[in-house]
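Beneath this line is the structure, given in structure tokens, with notes to follow.
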Amino acid sequence: MNPTTYRTLDAAAIRALVAGLPAIASRLGGPPAQWRVREVSDGNLNNVFLVGGVKGEVCLKQALPHVRVDPTWKMPLDRTFFESEWLRAVQPLAPGLTTEFLHYDPELYVLIVESLSGHTVLRTALMQGARWPGVALRIGTFVAHASFGTSLLARPFEDVFTARRLFSANLALTRITLDLVLDDPYRDHPRNHWHDPALTPIVLDIRSSAATLLAVENLRRRFLSQPQALLHGDLHTGSIMSTADDTRVIDGEFAVYGPIGFDCGMFVGNLVLHYFATPDNAGRQATLHDIAAFWHSFHEEFLTLWTSHETPPPGTLRPLAYGPAARVARQRFMNEIMADTIGFAGVEIIRRIIGYAHTADFDIIADPRQRAACRAGALGFAYHVLEHLDEIRTMADFLRHLAEQGRAGLHEPR
Ligand code: SR1
Ligand code: MG
């Protein structure tokens, strides 16, 4: 941080900053004094504001020198830099599926993007009962295009290595993921918490299961040592804003090169959390369909991108095998992504129930015993998945196990 220039912005300072940016000021329209500045901070880390004028609105995000929800947890400011680099990298690869990048201020650590005030955070929409089957398909498309386009399959290694070097400096947020997702929940740590004593026996089982701990260690190693593509790095349902027919991925501050199945697993894990928080069978069936649709869309689009070049782009690795051998090689890679997806979905579910950063999915269940039972269902399912990763090898296996365990814990409609 440069202490002479960085300061946390209030409404007046935001007006002054934006007034000095002619392209954005004209997008808003009218005099700065009449712009509405509304704080909408919602996530754990940053301040977020909507700035609106007579013509339009933008979204402004500023990093704080600490975690927003815990000022004692100090944090470097550079996360908005990585988010802006992520956005600039993936926006052209997945047009219409992110927000539009408008401005980055390297001294104030401010990122300004298109406002999505007509959209709803996907987690909130799901909790309100939205059934938007197109969302999962579009997220599949997003992950396929963003990951393929930043990988060695689409780019010369020189470009990929340069990008890897840039994003490998995203140390603070990679440390958060490593600790909060892949470490803390598996040992006693003051950041962990859960309210329902009914969960404690499952937590103790998880922590004493050698198969589970080995699976998590393997996922941790893969997260750090398989730089297959540029990840979003935190692709939960709170990092997606949507309407019924327009879906945008936001909040790419955790961007880092890693295994593609990490992003897929984050998304699938959060759909599973929603699945266990859903009271009725029809709602649960819809979520099973969403998970299947996501995977199908990701898988098909990734393979289509891979096989669409008659001759590979200049500088990329030229295939050595053709015909059936190439098909086998492609299938192996897709199976690797699928295995990672299943494993990372498991650890995401666990950390959202017993780790530091929980999700709101279960909060809508009024009856505390029912709420505990639903959380226990999700936690038990994730434990089962990690313990039986050798048997749960495909998304079809995963969905079958989910449907079986979900039926057991189904509760009455609220
Ligand atoms: C201290 S940050 C906690 C969590 O919030 C973010 O959205 C990420 O999910 C992170 O793990
Ligand atoms: Mg976020």
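The values are calculated or read from the model by the stated rules, or taken from the named source; none is laboratory data. Quick caveat: nothing in here was measured; it's all calculated off a predicted structure. Note that we place each Cβ from the backbone using ideal geometry, even for glycine, and neighbour counts take in every protein chain shown. Just so you know, the surface numbers come from the protein's heavy atoms only, side chains and all, with ligands and any DNA or RNA stripped out. Shrake-Rupley method; radii C 1.70, N 1.55, O 1.52, S 1.80 Å.
From largest accessible area down, sort 27, 123; use a 1.4 Å probe on the protein chains.
Numbers: 27 85, 123 20 Å².
Putting 27, 123 in descending order of accessible area: 27, 123.
What shape does the stretch 320-365 have by the C-alpha gyration tensor, where a ≥ b ≥ c are the square roots of the eigenvalues, rounded means a/c under 1.5, and otherwise prolate means a/b greater than b/c and oblate the rest? Kindly include the intermediate steps, with their values, before the conclusion.
On the way: a/c = 6.39, a/b = 4.08, b/c = 1.57.
Prolate shape, in that a/c is at least 1.5 and a/b is the bigger ratio.
Hey, any idea what Rg/Rh is for the stretch 64-192, computing Rh the Kirkwood way over Cα pairs? Can you show the working numbers first?
Numbers: Rg = 17.3 Å, Rh = 17.5 Å.
Across the stretch 64-192, the Cα-based Rg/Rh ratio is 0.99.
Just add up the charged neighbours of residue 173: K/R +1, D/E -1, any other residue whose Cβ is under 12 Å from the Cβ of residue 173. Show your work: numbers first, answer last.
Working: positive: 79, 175; negative: 78, 83, 179, 234, 251, 253.
Result for the neighbourhood of residue 173: -4.
Taking the convex hull of the alpha carbon atoms in the stretch 230-281, what volume per residue do you get, in Å³? Can you show the working numbers first?
On the way: hull volume 4.7 nm³, N = 52.
Spelled out: Cα convex hull of the stretch 230-281, divided by residues, is 91 Å³.
Per residue and in Å³, how big is the convex hull formed by the alpha-carbon atoms of the stretch 143-230?
Values: hull volume 10.7 nm³, N = 88.
Convex hull of Cα atoms, per residue: 121 Å³.
Express in nm, to one decimal, how much length is gained between residue 307 and residue 114 on full extension, taking 0.36 nm for each residue of separation and deducting their alpha carbon distance. Intermediate values should be presented prior to the final figure.
Working: separation 193, 0.36 × 193 = 69.48 nm, distance 3.35 nm.
Full extension of this stretch gives 66.1 nm more.
Can you work out the PRE-style zone for residue 318? Point 7 Å along Cα to Cβ, and I want the residues of the stretch 139-181 with backbone N under 19 Å.
Hits in the stretch 139-181 for residue 318 at 19 Å: 152-159.
Which FRET efficiency value, to the nearest 0.05, do you get for residue 39 and residue 107 by plugging their Cβ-Cβ distance into 1/(1 + (r/R0)^6) with R0 = 25 Å? Provide the component values of the computation, followed by the final result.
Numbers: r = 21 Å, r/R0 = 0.85.
With R0 = 25 Å, the Cβ-Cβ based efficiency is 0.75.
Take the alpha carbon atoms of the chain, find their radius of gyration, then divide it by 2.2 N^0.38 Å using N residues; give the quotient. Please report the intermediate quantities before stating the final value.
Numbers: Rg = 21.5 Å, N = 414, 2.2 N^0.38 = 21.7 Å.
Normalised Rg, Cα atoms only: 0.99.
Count the net charge of all other residues whose Cβ sits under 13 Å from the Cβ of residue 138, scoring Lys and Arg as +1 and Asp and Glu as -1.
Working: positive: 248; negative: 245, 246, 290, 301.
In short, -3.
For the pair residue 336 and residue 152, how long in nm is the line joining their label points, each one 7 Å along Cα→Cβ?
Going from the residue 336 label point to the residue 152 one covers 0.8 nm.
Which percent of Cα pairs goes in each bin when the distances of the stretch 3-114 are cut into 10 angstrom slices starting at zero?
Percent of pairs per bin, in order: 14, 45, 34, 8.
R0 = 30 Å: FRET efficiency of residue 198 with residue 282, Cβ-based, nearest 0.05? Let's see the in-between values first.
Values: r = 27 Å, r/R0 = 0.88.
With a Förster radius of 30 Å, E is 0.70.
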